[in-house]
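Values quoted throughout were computed directly from the atomic coordinates according to the rules given, and no laboratory measurement underlies them. What you are looking at is a predicted structure, and each value in this text was computed from that prediction instead of being measured.
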Amino acid sequence: MPGVYSKPGEPLDRIMRAFKKQVEKAGVIGDLKKRMHYEKPSIRLKKKSIAARKRRLKQLRKFGQAE
């Protein structure tokens, strides 16, 4: 769980920036968005395979071996 310790006299905007960075790094927002509504396992698997296919094509393009 993200948390920030502040020093006396430290500006609030710096504290908030550090907290937002930790929240983003921990993936709290992404996890929250995933849990906003139920997703059937079959749909979750389909999305996962589509994402893997996109990553694979991007990697192939990067190395100049496009299909």
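Overview of results
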{"read-out": "Cα radius of gyration and Dmax for segment 1-40 (Å)", "value": "13.9, 49"}
{"read-out": "Helix-only [θ]222 nm of the chain, DSSP H runs n ≥ 4, -39500 (n - 2.57) each, per residue, nearest 500", "value": "-21500 deg cm²/dmol"}
{"read-out": "Choice from ALA52, ALA26, ALA18 with maximal GNM fluctuation in the chain (Cα, 10 Å cutoff)", "value": "ALA52"}
{"read-out": "Using θ = phi - 60° and Karplus 6.51 cos²θ - 1.76 cosθ + 1.60, couplings along segment 49-61 (whole Hz; Gly, Pro as x)", "value": "5, 5, 5, 5, 5, 5, 4, 5, 5, 5, 5, 5, 5"}
{"read-out": "Using alpha-carbon coordinates, inclination of helix 12-26 to the longest axis of the chain, degrees", "value": "30"}
{"read-out": "Extent along principal axes [Cα atoms of segment 12-62; Å; largest to smallest]", "value": "43, 34, 11"}
